[in-house]
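To keep things clear, I will list the structure first and then write my remarks on it.
The values are calculated or read from the model by the stated rules, or taken from the named source; none is laboratory data. On a predicted model such as this, the values are computed, not experimentally measured, just so you know. Don't worry about glycine lacking a Cβ; one is built from the backbone with ideal geometry, like all the others, and counts go over all protein chains shown. Note: accessible area is taken over every heavy atom of the protein model, side chains too, but ligands, DNA and RNA are not part of it. Shrake-Rupley method; radii C 1.70, N 1.55, O 1.52, S 1.80 Å.
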Amino acid sequence: MAAKQPPPLMKKHSQTDLVSRLKTRKILGVGGEDDDGEVHRSKISQVLGNEIKFAVREPLGLRVWQLVSAIMFSGVAIMALAFPDQLYDAVFDEESVSSKTPIRLYGGALLSISLIMWNALYTAEKVIIRWTLLTEACYFAVQFLVTTVSLVESSRIATGAVLLLVSRALFILISIYYYYQVGRRPKKL
């Protein structure tokens, strides 16, 4: 008895057939543009996302501003934790403070925010950078309002407090500028 030979392997023609390939890609939802205008080459890139899509075209000076912010927040936090009297005196030109606890709590909160700033310095994700910039802008706005109300209530104008108000207004503008610049959609070439 002779063993029956298996039929020869036949090459599938559907892989080379252009129409069949296009139909398969259409069924998978690959090859067409999505809502963001991205064209995905494979289902995997469509599901996982395109790496280029997450790359942020950073505005000029963004990383420098993030570094300056992180250093500024850390410095003031350490000063508020270690030397609360001197920090209060530098801002409000008053020697005594009734309690050091609120200033030290302020320093602890600033230290927490500074950790976020330091981590944002090393990320390339657009959403994290934007949230960090928005956090900065909100912090500076609240500090601006609190300092203004404190000056109005005490009816004293301290040079340090006025300088703080001017710098905070400038920092708000810079943070909001970068927030919108990072959020802008890149121009299509």
Study note, to complete from the structure: Each label sits 7 Å from Cα toward the beta-carbon; between L115 and L67 the label points are separated, in nm, by 2.4
Practice item. Describe numerically, in nm with one decimal, the distance between label points set 7 Å from Cα along Cα→Cβ at A90 and at V162. Key: 2.0
**Study point:** Potential lengthening between E153 and C138 on full extension [0.36 nm per residue; Cα-Cα distance subtracted]
**Key:** 3.2 nm
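Per residue, how many Å² of accessible area does segment 62-183 show with a 1.4 Å probe? Intermediate values should be presented prior to the final figure.
Working: 6960 Å² over 122 residues.
With the other protein chains kept in place, segment 62-183 gives 57 Å² per residue.
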Practice item. May I ask you to give the percent of accessible area on segment 62-183 that is carbon plus sulfur, with a probe radius of 1.4 Å? Key: 71
Revision key, fill the gap. Taking only Cα atoms of segment 62-183, the Rg to Rh ratio with Kirkwood Rh works out at 1.00
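Need the full-extension length gain, R185 to L170, defined as separation in residues times 0.36 nm minus the C-alpha distance. One decimal, nm.
On the way: separation 15, 0.36 × 15 = 5.40 nm, distance 2.51 nm.
So the extension gain works out to 2.9 nm.
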